[in-house]
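> Dropping the structure in here first, questions after.
The values are calculated or read from the model by the stated rules, or taken from the named source; none is laboratory data. On a predicted model such as this, the values are computed, not experimentally measured, just so you know. Cβ placement follows ideal geometry from the backbone for every residue including glycine, while neighbour counts extend to all protein chains displayed. When the accessible area is computed, the model is the full protein with side chains, heavy atoms only, and any ligands, DNA or RNA have been set aside. Shrake-Rupley method; radii C 1.70, N 1.55, O 1.52, S 1.80 Å.
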Amino acid sequence: MPLEVLFFGAGAIGAFYASRVARNANTNVSVVCRSNYSAVKASGFQITSSQYGDYNWTPTRTFNSPESARKSGVNWDFVVVSTKALPNVSDDSKLLEGLVGPKTAVVLIQNGLGVERPYSQRFPQATILSAVTIASCAQPSNGHIKHNRWTRINVGPYFSDSSPSAEVKAKPTAQNQTFVDLLLKGGIKDAIADTHEKLQLVRWHKIAINASMNPSAVLSGGSTNEAMSNDPELSRHLQGVMEEVLTTAPKVVGKPFPAGFATAEQILRSTRKNTSGSKPSMLLDWEGGKLMELEVILGNPIRLAREKGYEMPRMQTLYALLKMAEKNREAQKQNDAKGGSKL
Ligand SMILES: NC(=O)c1ccc[n+]([C@@H]2O[C@H](COP(=O)([O-])OP(=O)(O)OC[C@H]3O[C@@H](n4cnc5c(N)ncnc54)[C@H](OP(=O)(O)O)[C@@H]3O)[C@@H](O)[C@H]2O)c1
(Lines give C-alpha, C1' and ligand atoms only; values in the text may rest on other atoms or scores of the structure.)
Protein backbone atom coordinates (compact mmCIF):
# COMPACT_ATOMS: atom_id res chain seq x y z
CA MET A 1 0.00 0.00 0.00
CA PRO A 2 1.42 3.43 -0.88
CA LEU A 3 1.79 6.08 1.81
CA GLU A 4 -0.99 8.66 1.49
CA VAL A 5 0.01 12.28 2.16
CA LEU A 6 -2.45 15.21 1.95
CA PHE A 7 -1.29 18.85 1.87
CA PHE A 8 -4.02 21.19 3.12
CA GLY A 9 -3.26 24.71 1.85
CA ALA A 10 -1.18 24.19 -1.29
CA GLY A 11 0.28 27.69 -1.56
CA ALA A 12 3.93 28.74 -1.73
CA ILE A 13 5.40 26.60 1.06
CA GLY A 14 2.91 23.71 0.92
CA ALA A 15 3.20 23.10 -2.83
CA PHE A 16 7.01 23.33 -2.72
CA TYR A 17 7.40 20.69 0.00
CA ALA A 18 4.59 18.57 -1.50
CA SER A 19 6.46 18.47 -4.82
CA ARG A 20 9.59 17.22 -3.02
CA VAL A 21 7.76 14.57 -0.93
CA ALA A 22 6.16 13.34 -4.18
CA ARG A 23 9.64 12.28 -5.38
CA ASN A 24 9.44 9.27 -3.04
CA ALA A 25 8.57 5.87 -4.44
CA ASN A 26 5.32 4.32 -3.28
CA THR A 27 3.99 7.65 -1.96
CA ASN A 28 0.84 9.40 -3.15
CA VAL A 29 0.78 13.15 -2.54
CA SER A 30 -2.57 14.96 -2.84
CA VAL A 31 -3.51 18.58 -2.24
CA VAL A 32 -6.46 20.70 -1.08
CA CYS A 33 -6.39 23.95 -3.06
CA ARG A 34 -8.56 27.05 -2.87
CA SER A 35 -8.04 30.03 -5.23
CA ASN A 36 -5.44 28.12 -7.28
CA TYR A 37 -7.71 25.06 -7.70
CA SER A 38 -8.68 25.54 -11.39
CA ALA A 39 -5.09 26.23 -12.48
CA VAL A 40 -3.68 23.26 -10.55
CA LYS A 41 -6.47 20.89 -11.63
CA ALA A 42 -5.86 21.85 -15.28
CA SER A 43 -2.04 21.85 -15.41
CA GLY A 44 -0.56 20.87 -12.02
CA PHE A 45 2.18 22.99 -10.44
CA GLN A 46 5.12 24.56 -12.25
CA ILE A 47 8.03 24.86 -9.84
CA THR A 48 10.94 27.23 -10.53
CA SER A 49 14.02 26.76 -8.38
CA SER A 50 17.68 27.62 -8.85
CA GLN A 51 18.52 24.64 -6.64
CA TYR A 52 16.24 21.96 -8.11
CA GLY A 53 15.71 23.35 -11.62
CA ASP A 54 12.32 23.94 -13.21
CA TYR A 55 9.82 21.08 -13.16
CA ASN A 56 6.13 20.32 -13.35
CA TRP A 57 4.35 18.32 -10.71
CA THR A 58 0.83 16.91 -10.86
CA PRO A 59 -0.56 15.84 -7.47
CA THR A 60 -2.07 12.36 -7.18
CA ARG A 61 -5.43 14.00 -6.39
CA THR A 62 -6.35 17.69 -6.43
CA PHE A 63 -9.30 18.63 -4.20
CA ASN A 64 -11.16 21.95 -4.11
CA SER A 65 -12.16 21.64 -0.45
CA PRO A 66 -11.57 19.52 2.67
CA GLU A 67 -15.09 18.15 2.05
CA SER A 68 -14.10 16.64 -1.31
CA ALA A 69 -10.94 15.18 0.27
CA ARG A 70 -13.18 13.59 2.91
CA LYS A 71 -15.47 12.13 0.26
CA SER A 72 -12.48 10.40 -1.40
CA GLY A 73 -12.47 8.00 1.57
CA VAL A 74 -8.65 7.84 1.63
CA ASN A 75 -7.05 6.94 4.99
CA TRP A 76 -4.32 9.56 5.24
CA ASP A 77 -0.95 8.74 6.80
CA PHE A 78 -0.01 12.43 6.97
CA VAL A 79 -2.19 15.52 6.72
CA VAL A 80 0.15 18.49 6.29
CA VAL A 81 -1.28 21.91 7.17
CA SER A 82 0.45 24.73 5.28
CA THR A 83 -2.18 27.46 5.39
CA LYS A 84 -1.33 30.86 6.87
CA ALA A 85 -1.93 30.59 10.63
CA LEU A 86 -4.75 33.08 11.36
CA PRO A 87 -6.49 31.74 14.50
CA ASN A 88 -8.34 35.06 14.95
CA VAL A 89 -10.00 34.53 11.53
CA SER A 90 -10.61 30.78 11.36
CA ASP A 91 -9.91 27.65 13.33
CA ASP A 92 -8.50 25.53 10.50
CA SER A 93 -8.35 22.47 12.78
CA LYS A 94 -12.16 22.22 12.41
CA LEU A 95 -11.76 21.83 8.64
CA LEU A 96 -9.71 18.66 9.20
CA GLU A 97 -12.55 16.82 10.94
CA GLY A 98 -13.15 13.54 9.11
CA LEU A 99 -9.66 13.62 7.56
CA VAL A 100 -7.74 12.63 10.71
CA GLY A 101 -8.09 8.91 11.42
CA PRO A 102 -6.41 6.55 13.91
CA LYS A 103 -3.19 6.29 11.85
CA THR A 104 -2.98 9.95 10.73
CA ALA A 105 -0.22 12.30 11.85
CA VAL A 106 -1.05 16.00 11.43
CA VAL A 107 2.02 18.00 10.37
CA LEU A 108 1.96 21.79 10.84
CA ILE A 109 4.33 23.71 8.54
CA GLN A 110 3.50 27.18 9.79
CA ASN A 111 5.28 30.11 11.39
CA GLY A 112 4.60 31.24 14.91
CA LEU A 113 3.99 29.86 18.37
CA GLY A 114 1.01 27.99 19.80
CA VAL A 115 -0.12 26.81 16.35
CA GLU A 116 -0.33 23.21 17.63
CA ARG A 117 -2.84 23.81 20.44
CA PRO A 118 -6.11 23.85 18.41
CA TYR A 119 -5.09 20.61 16.64
CA SER A 120 -4.01 18.75 19.78
CA GLN A 121 -7.23 19.85 21.53
CA ARG A 122 -9.48 18.78 18.63
CA PHE A 123 -7.61 15.52 17.91
CA PRO A 124 -6.27 14.39 21.32
CA GLN A 125 -5.57 10.86 20.04
CA ALA A 126 -3.70 11.95 16.91
CA THR A 127 0.00 12.56 16.50
CA ILE A 128 0.83 16.24 16.00
CA LEU A 129 4.14 17.04 14.29
CA SER A 130 5.35 20.62 14.42
CA ALA A 131 7.56 21.97 11.63
CA VAL A 132 9.55 25.18 11.21
CA THR A 133 11.06 26.12 7.87
CA ILE A 134 13.33 28.94 6.80
CA ALA A 135 12.76 28.24 3.09
CA SER A 136 11.72 31.21 0.97
CA CYS A 137 8.96 30.51 -1.57
CA ALA A 138 6.28 32.51 -3.37
CA GLN A 139 3.33 31.86 -5.67
CA PRO A 140 3.47 34.75 -8.20
CA SER A 141 0.54 33.31 -10.14
CA ASN A 142 -1.85 30.42 -9.50
CA GLY A 143 0.05 27.11 -9.73
CA HIS A 144 3.46 28.74 -10.32
CA ILE A 145 5.67 28.16 -7.28
CA LYS A 146 8.91 30.05 -7.03
CA HIS A 147 11.45 28.52 -4.66
CA ASN A 148 13.80 31.43 -3.97
CA ARG A 149 16.32 30.02 -1.53
CA TRP A 150 17.01 27.82 1.50
CA THR A 151 15.27 24.56 2.31
CA ARG A 152 15.91 23.90 6.01
CA ILE A 153 13.00 22.40 7.88
CA ASN A 154 13.00 21.16 11.49
CA VAL A 155 10.24 18.73 12.46
CA GLY A 156 9.41 17.48 15.96
CA PRO A 157 6.54 15.74 17.72
CA TYR A 158 4.33 18.01 19.82
CA PHE A 159 3.11 16.85 23.26
CA SER A 160 0.53 18.88 25.18
CA ASP A 161 1.51 17.00 28.36
CA SER A 162 4.65 18.57 29.84
CA SER A 163 6.28 15.22 30.72
CA PRO A 164 4.95 12.46 28.45
CA SER A 165 6.04 8.87 29.18
CA ALA A 166 8.44 6.99 26.87
CA GLU A 167 5.43 4.91 25.77
CA VAL A 168 3.44 8.03 24.76
CA LYS A 169 6.44 9.40 22.87
CA ALA A 170 7.29 6.25 20.88
CA LYS A 171 4.71 6.33 18.04
CA PRO A 172 4.87 10.10 17.32
CA THR A 173 8.68 9.97 17.34
CA ALA A 174 8.62 7.16 14.75
CA GLN A 175 6.07 9.02 12.59
CA ASN A 176 8.24 12.14 12.87
CA GLN A 177 11.24 10.24 11.52
CA THR A 178 9.14 8.78 8.67
CA PHE A 179 8.06 12.28 7.62
CA VAL A 180 11.62 13.64 7.81
CA ASP A 181 12.81 10.67 5.72
CA LEU A 182 10.22 11.56 3.05
CA LEU A 183 11.72 15.08 2.91
CA LEU A 184 15.31 13.82 2.87
CA LYS A 185 14.58 11.33 0.08
CA GLY A 186 12.78 14.14 -1.75
CA GLY A 187 16.04 16.07 -1.88
CA ILE A 188 15.61 18.34 1.18
CA LYS A 189 19.09 17.69 2.54
CA ASP A 190 18.64 19.79 5.66
CA ALA A 191 15.42 18.25 6.94
CA ILE A 192 16.04 17.64 10.65
CA ALA A 193 14.15 15.45 13.14
CA ASP A 194 14.00 17.12 16.56
CA THR A 195 12.53 16.41 19.98
CA HIS A 196 9.51 18.34 21.27
CA GLU A 197 11.64 20.70 23.40
CA LYS A 198 14.24 21.37 20.70
CA LEU A 199 11.54 22.11 18.13
CA GLN A 200 9.83 24.59 20.47
CA LEU A 201 13.18 26.36 20.93
CA VAL A 202 13.60 26.45 17.13
CA ARG A 203 10.12 28.06 16.94
CA TRP A 204 11.08 30.66 19.57
CA HIS A 205 14.36 31.38 17.80
CA LYS A 206 12.53 32.02 14.54
CA ILE A 207 10.12 34.27 16.48
CA ALA A 208 13.11 36.38 17.52
CA ILE A 209 13.70 37.09 13.81
CA ASN A 210 10.08 37.25 12.59
CA ALA A 211 8.68 39.24 15.54
CA SER A 212 11.43 41.84 15.37
CA MET A 213 11.83 42.28 11.59
CA ASN A 214 8.28 41.73 10.29
CA PRO A 215 6.29 44.25 12.40
CA SER A 216 9.12 46.78 12.23
CA ALA A 217 9.14 46.56 8.42
CA VAL A 218 5.44 47.49 8.39
CA LEU A 219 5.60 50.15 11.10
CA SER A 220 8.65 51.83 9.53
CA GLY A 221 6.72 52.33 6.31
CA GLY A 222 7.90 49.41 4.18
CA SER A 223 11.61 48.84 4.93
CA THR A 224 13.59 45.76 3.95
CA ASN A 225 15.40 43.79 6.66
CA GLU A 226 18.72 44.96 5.26
CA ALA A 227 17.74 48.64 5.42
CA MET A 228 16.49 48.32 9.00
CA SER A 229 19.55 46.44 10.23
CA ASN A 230 21.85 49.04 8.64
CA ASP A 231 20.01 51.95 10.30
CA PRO A 232 21.69 52.62 13.67
CA GLU A 233 18.54 53.45 15.64
CA LEU A 234 16.36 50.72 14.10
CA SER A 235 19.16 48.20 14.52
CA ARG A 236 19.22 48.90 18.29
CA HIS A 237 15.47 48.37 18.34
CA LEU A 238 15.72 45.04 16.43
CA GLN A 239 18.47 43.84 18.75
CA GLY A 240 16.37 44.80 21.79
CA VAL A 241 13.36 42.79 20.55
CA MET A 242 15.48 39.78 19.62
CA GLU A 243 17.25 39.75 22.98
CA GLU A 244 13.92 40.04 24.79
CA VAL A 245 12.65 36.94 22.95
CA LEU A 246 15.90 34.98 23.26
CA THR A 247 16.15 35.55 27.02
CA THR A 248 12.45 34.78 27.65
CA ALA A 249 12.21 31.59 25.54
CA PRO A 250 14.39 29.31 27.72
CA LYS A 251 12.40 30.37 30.80
CA VAL A 252 9.11 29.48 29.10
CA VAL A 253 10.30 26.21 27.51
CA GLY A 254 12.32 25.20 30.58
CA LYS A 255 15.47 24.44 28.56
CA PRO A 256 18.37 26.62 27.40
CA PHE A 257 19.08 27.13 23.69
CA PRO A 258 21.56 24.46 22.60
CA ALA A 259 24.94 25.64 21.27
CA GLY A 260 24.89 26.84 17.68
CA PHE A 261 21.76 29.03 17.76
CA ALA A 262 22.68 32.47 16.37
CA THR A 263 22.73 35.42 18.80
CA ALA A 264 20.87 38.67 18.06
CA GLU A 265 24.15 40.28 17.06
CA GLN A 266 25.02 37.45 14.64
CA ILE A 267 21.54 37.62 13.06
CA LEU A 268 21.90 41.37 12.55
CA ARG A 269 25.39 41.02 11.13
CA SER A 270 24.24 38.57 8.47
CA THR A 271 21.05 40.59 7.74
CA ARG A 272 23.14 43.70 7.05
CA LYS A 273 24.83 41.77 4.22
CA ASN A 274 21.58 40.43 2.69
CA THR A 275 21.23 42.68 -0.34
CA SER A 276 18.50 40.57 -2.04
CA GLY A 277 16.01 43.39 -1.27
CA SER A 278 13.40 40.84 -0.25
CA LYS A 279 10.62 42.01 2.03
CA PRO A 280 9.40 40.12 5.12
CA SER A 281 6.14 38.19 4.68
CA MET A 282 4.17 40.42 7.06
CA LEU A 283 5.08 43.47 4.99
CA LEU A 284 4.04 41.68 1.78
CA ASP A 285 0.72 40.77 3.41
CA TRP A 286 0.20 44.35 4.65
CA GLU A 287 1.03 45.84 1.26
CA GLY A 288 -1.27 43.27 -0.42
CA GLY A 289 -4.15 44.29 1.88
CA LYS A 290 -4.12 40.82 3.49
CA LEU A 291 -4.36 39.89 7.15
CA MET A 292 -1.01 39.40 8.89
CA GLU A 293 -0.05 36.42 11.10
CA LEU A 294 -0.06 38.77 14.13
CA GLU A 295 -1.51 36.37 16.68
CA VAL A 296 0.94 33.49 16.16
CA ILE A 297 4.02 35.71 15.68
CA LEU A 298 3.34 38.32 18.39
CA GLY A 299 0.18 37.59 20.42
CA ASN A 300 0.84 33.92 21.28
CA PRO A 301 4.49 34.40 22.34
CA ILE A 302 3.38 37.26 24.63
CA ARG A 303 0.55 35.13 26.08
CA LEU A 304 2.73 31.99 26.51
CA ALA A 305 5.31 34.07 28.38
CA ARG A 306 2.61 35.75 30.48
CA GLU A 307 1.20 32.35 31.48
CA LYS A 308 4.58 31.70 33.11
CA GLY A 309 4.78 35.17 34.69
CA TYR A 310 7.05 36.94 32.17
CA GLU A 311 6.32 40.16 30.27
CA MET A 312 7.92 41.15 26.94
CA PRO A 313 7.30 44.93 26.75
CA ARG A 314 9.01 45.52 23.39
CA MET A 315 6.99 42.71 21.76
CA GLN A 316 3.82 43.96 23.46
CA THR A 317 4.31 47.44 21.99
CA LEU A 318 4.75 46.08 18.45
CA TYR A 319 1.71 43.83 18.88
CA ALA A 320 -0.58 46.57 20.24
CA LEU A 321 0.38 49.07 17.51
CA LEU A 322 0.10 46.67 14.60
CA LYS A 323 -3.11 45.05 15.81
CA MET A 324 -4.74 48.48 15.94
CA ALA A 325 -3.29 49.46 12.54
CA GLU A 326 -4.80 46.30 11.04
CA LYS A 327 -8.13 46.88 12.78
CA ASN A 328 -8.27 50.46 11.45
CA ARG A 329 -7.42 49.33 7.92
CA GLU A 330 -10.09 46.59 7.95
CA ALA A 331 -12.65 49.13 9.19
CA GLN A 332 -11.59 51.52 6.42
CA LYS A 333 -11.95 48.72 3.83
CA GLN A 334 -15.47 47.94 5.05
CA ASN A 335 -16.34 51.62 5.00
CA ASP A 336 -14.95 51.98 1.45
CA ALA A 337 -16.92 48.89 0.35
CA LYS A 338 -20.10 50.57 1.61
CA GLY A 339 -19.14 53.66 -0.39
CA GLY A 340 -18.54 55.70 2.76
CA SER A 341 -16.18 58.61 3.31
CA LYS A 342 -12.74 58.32 4.95
CA LEU A 343 -13.07 57.30 8.63
N1 LIG B 1 6.39 31.56 1.90
C2 LIG B 1 7.48 31.40 2.60
O3 LIG B 1 8.61 31.58 2.08
C4 LIG B 1 7.43 30.93 4.03
C5 LIG B 1 8.63 30.67 4.70
C6 LIG B 1 8.60 30.19 5.99
C7 LIG B 1 7.39 29.97 6.63
N8 LIG B 1 6.23 30.25 5.97
C9 LIG B 1 4.98 29.99 6.67
O10 LIG B 1 4.28 28.95 5.98
C11 LIG B 1 2.85 29.12 6.14
C12 LIG B 1 2.23 29.17 4.74
O13 LIG B 1 2.73 30.34 4.10
P14 LIG B 1 2.69 30.54 2.52
O15 LIG B 1 3.63 31.66 2.24
O16 LIG B 1 2.85 29.25 1.83
O17 LIG B 1 1.20 31.08 2.36
P18 LIG B 1 0.29 31.04 1.03
O19 LIG B 1 1.17 31.10 -0.19
O20 LIG B 1 -0.75 32.06 1.22
O21 LIG B 1 -0.32 29.58 1.06
C22 LIG B 1 -1.37 29.23 1.91
C23 LIG B 1 -2.36 28.47 1.06
O24 LIG B 1 -3.37 27.94 1.91
C25 LIG B 1 -4.60 28.10 1.18
N26 LIG B 1 -5.73 28.02 2.11
C27 LIG B 1 -5.99 28.80 3.18
N28 LIG B 1 -7.15 28.43 3.75
C29 LIG B 1 -7.62 27.40 3.01
C30 LIG B 1 -8.79 26.61 3.07
N31 LIG B 1 -9.71 26.81 4.02
N32 LIG B 1 -8.97 25.63 2.15
C33 LIG B 1 -8.06 25.43 1.18
N34 LIG B 1 -6.93 26.15 1.05
C35 LIG B 1 -6.71 27.13 1.96
C36 LIG B 1 -4.46 29.45 0.53
O37 LIG B 1 -5.45 29.62 -0.46
P38 LIG B 1 -5.85 31.10 -0.99
O39 LIG B 1 -4.75 31.48 -1.94
O40 LIG B 1 -7.17 30.91 -1.60
O41 LIG B 1 -5.85 32.00 0.23
C42 LIG B 1 -3.05 29.33 0.00
O43 LIG B 1 -3.00 28.65 -1.22
C44 LIG B 1 2.68 30.42 6.93
O45 LIG B 1 2.54 30.14 8.29
C46 LIG B 1 4.00 31.17 6.69
O47 LIG B 1 4.35 32.09 7.71
C48 LIG B 1 6.22 30.73 4.68
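> Are any of the residues in the stretch 40-53 away from the ligand (no atom under 11 Å from the Cβ), out of contact with any strand residue (DSSP E or B) (no Cβ under 8 Å at 6 or more places or on another chain) and of a type in the set (A, V, I, L, M)?
Checking the stretch 40-53: at least one residue is away from the ligand (no atom under 11 Å from the Cβ), out of contact with any strand residue (DSSP E or B) (no Cβ under 8 Å at 6 or more places or on another chain) and of a type in the set (A, V, I, L, M).
> Name the residue that is nearest to the chain's Cα centre (by Cα), counting only residues in the stretch 304-328 that are among the basic types (Lys, Arg) and surrounded by 13 or more Cβ atoms within 10 Å (Cβ to Cβ).
Looking only at the stretch 304-328, we keep the residues that are among the basic types (Lys, Arg), and these are 306, 308, 314, 323, 327.
Now restrict to residues that are surrounded by 13 or more Cβ atoms within 10 Å (Cβ to Cβ): 306, 314, 323.
Details: ARG306: 23, ARG314: 23, LYS323: 20 Å.
Taking the candidates together, the pick is LYS323.
> Any residue in the stretch 131-151 that is not assigned by TED's automatic domain parsing to the domain that holds ALA10 and at pLDDT below 95 sitting within a Cβ distance under 6 Å of a residue that is more than 9 Å from the ligand (Cβ to nearest atom) and open to solvent by 60 Å² or more (accessible area, probe 1.4 Å)? List the pairs, counting only those 6 or more apart or interchain.
Cβ pairs passing all conditions: none.
> Does GLY240 satisfy the condition of being modelled with pLDDT of 95 or more and on the phi > 0 side of the Ramachandran plot? Outline the logic, then answer.
Details: modelled with pLDDT of 95 or more: yes; on the phi > 0 side of the Ramachandran plot: no.
Judged against the criteria, GLY240 is not a match.
> May I ask you to list the residues in the stretch 85-104 that are surrounded by fewer than 19 Cβ atoms within 10 Å (Cβ to Cβ), acidic (Asp, Glu) and within 12 Å of the ligand (Cβ to nearest atom)?
The one that is surrounded by fewer than 19 Cβ atoms within 10 Å (Cβ to Cβ), acidic (Asp, Glu) and within 12 Å of the ligand (Cβ to nearest atom): ASP91.
> Another question, then. With the structure loaded, tell me whether ASN148 is over 24 Å from ILE297 (Cβ atoms), within 11 Å of the ligand (Cβ to nearest atom) and either touching a strand residue (DSSP E or B) at 6+ places or on another chain (Cβ under 8 Å) or not aliphatic (A, V, I, L, M) (or both) or whether it fails that test. Break it down into steps so the answer makes sense when it comes.
Values: over 24 Å from ILE297 (Cβ atoms): no; within 11 Å of the ligand (Cβ to nearest atom): yes; either touching a strand residue (DSSP E or B) at 6+ places or on another chain (Cβ under 8 Å) or not aliphatic (A, V, I, L, M) (or both): yes.
Answer is no for this residue.
> Count, please, the residues in the stretch 224-251 that happen to be open to solvent by less than 20 Å² (accessible area, probe 1.4 Å) and either over 21 Å from the mean Cα position of the chain (by Cα) or touching a residue at least 40 places away in the same chain (Cβ under 8 Å) (or both). Before you say what the answer is, go through the steps one by one.
So in the stretch 224-251, the residues open to solvent by less than 20 Å² (accessible area, probe 1.4 Å) come out as 228-229, 235, 238, 240-242, 245, 248-249.
After this cut, where a residue has to be either over 21 Å from the mean Cα position of the chain (by Cα) or touching a residue at least 40 places away in the same chain (Cβ under 8 Å) (or both) as well, the list is 228-229, 235, 238, 240-241, 245, 248-249.
The qualifying residues number 9.
> Among the candidates VAL107, VAL115, VAL132, which residue alone is closer than 24 Å to ASN210 by Cα, within 16 Å of the chain's Cα centre (by Cα) and more than 10 Å from the ligand (Cβ to nearest atom)?
Values: VAL115 fails: more than 10 Å from the ligand (Cβ to nearest atom); VAL132 fails: more than 10 Å from the ligand (Cβ to nearest atom).
It is VAL107.
> List the strands (runs of 3 or more DSSP E) that sit entirely inside the stretch 99-200 and contain at least 1 residues that are over 28 Å from MET292 (Cβ atoms).
Numbers: elements: 105-109, 127-133, 136-141, 144-149, 153-157, 191-193.
Once the strands (runs of 3 or more DSSP E) in the stretch 99-200 are filtered for at least 1 residues that are over 28 Å from MET292 (Cβ atoms), what remains is 105-109, 127-133, 153-157, 191-193.
> What number of residues in the stretch 151-170 are out of contact with any strand residue (DSSP E or B) (no Cβ under 7 Å at 6 or more places or on another chain) and open to solvent by less than 20 Å² (accessible area, probe 1.4 Å)?
1
> Follow-up question, since we're still on this one. Let me confirm something: among GLU265, GLU287, which residue is modelled with pLDDT of 95 or more, more than 24 Å from VAL115 (Cα to Cα) and within 16 Å of the ligand (Cβ to nearest atom)?
Details: GLU265 fails: within 16 Å of the ligand (Cβ to nearest atom).
One residue alone meets the criteria, GLU287.
> Testing SER82 on (1) near the ligand (Cβ under 7 Å from one of its atoms); (2) among the small types (Gly, Ala, Ser); (3) under 14 Å from ASN300 (Cβ atoms), one condition comes back false. Which one is that?
Here SER82 clears every test but (3).
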